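The values are calculated or read from the model by the stated rules, or taken from the named source; none is laboratory data. The structure presented is a predicted model; accordingly, all values stated were derived computationally and were not measured. We place every Cβ from the backbone using ideal geometry, glycine too, and count neighbours over all the protein chains shown. These accessible areas exclude ligands, DNA and RNA; they are computed on the full protein's heavy atoms, side chains included. Shrake-Rupley method; radii C 1.70, N 1.55, O 1.52, S 1.80 Å.
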Amino acid sequence: MGIQNPTDEKIKEVLHTSKRIAVVGLSGNPDRTSYMVSEAMQNAGYTIIPVNPTVDEVLGEKAVASLKDIDGEVDIVNVFRRSEFLPEVARDTVEIGAKTFWAQLGVANQEAYDYLKENDVETIMDRCIKVEHAKFK
């Protein structure tokens, strides 16, 4: 079937109605893309939840080891992991009831995409959330 991202209008709606972003693979290193993108989203008013078992805190937010350790609702799961890890993250995304799964630029996986679509999770792959947000401010 192939991976098909939502329309620009739908992406705009996702960004405008979402508040909490769980960032899987968020690095504590300010030179890493995950840090820069997450910092920009935090500065834009989103709550960032770092998901990384190797750090205690990033961007002033307490980190959790996995998506399953998050208290409360998650609007977007933003993934900074290699494509082969997406199926596992997709399963956790469905398990916690997140509304949207977002894989960053250069990251996509057909198995994860199919699973997410079967479970009615809005799915965006191979797109940068910061770039998309800047388009629709």
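In the stretch 42-86, what percent of the accessible surface is made up of carbon and sulfur (1.4 Å probe, ligands and nucleic acids excluded)?
On the way: 1000 of 2400 Å².
Whole-percent figure for carbon plus sulfur exposure: 42.
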CD proxy at 222 nm, helix term only [per DSSP H run n ≥ 4: -39500 (n - 2.57); per residue of the chain; nearest 500]: -10000 deg cm²/dmol
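Just the number please: accessible area per residue for the stretch 67-137, 1.4 Å probe, all protein chains included, in Å².
Working: 3520 Å² over 71 residues.
Using a 1.4 Å probe on heavy atoms only, each residue of the stretch 67-137 averages 50 Å².
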Charge-dipole axis of the chain as Lys and Arg at +1 and Asp and Glu at -1 on Cβ define it, positive-most pick from A90, S38, G25: S38
Relative contact order (percent, whole number), the chain, Cα cutoff 8 Å, 6+ residue spacing: 24 percent
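I need to check one value: relative contact order of the stretch 1-62, counting alpha carbon pairs closer than 8 Å and at least 6 residues apart, in percent.
Numbers: 59 pairs, mean separation 20.7, N = 62.
Averaging sequence separation for qualifying contacts and normalising by length gives 33 percent for the stretch 1-62.
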Nonlocal amide H pairs with C128, under 5 Å, H built at 1.01 Å: L105
Accessible area in square angstrom per residue, the stretch 17-61, 1.4 angstrom probe: 49 Å²
Whole-angstrom gap from the stretch 35-64 to the stretch 76-123, using each part's C-alpha centre: 19 Å
Extension reserve of the M36-K10 stretch, reckoned as 0.36 nm per residue once the Cα distance is removed: 6.9 nm
The chain: C-alpha pair distances exceeding 22 Å, %: 29 percent
Segment D120-R91, extension gain: residue separation times 0.36 nm, minus the distance between their alpha carbons: 9.2 nm
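Given a cut-off of 28 Å, name the pairs among K99/K130; K68/K135; K62/K117; K62/K130 whose C-alpha atoms lie farther apart than that in the structure shown. Each step should come with its number before you reach the end.
On the way: K99/K130 18 Å; K68/K135 31 Å; K62/K117 30 Å; K62/K130 22 Å.
Pairs exceeding the cut-off: K68/K135; K62/K117.
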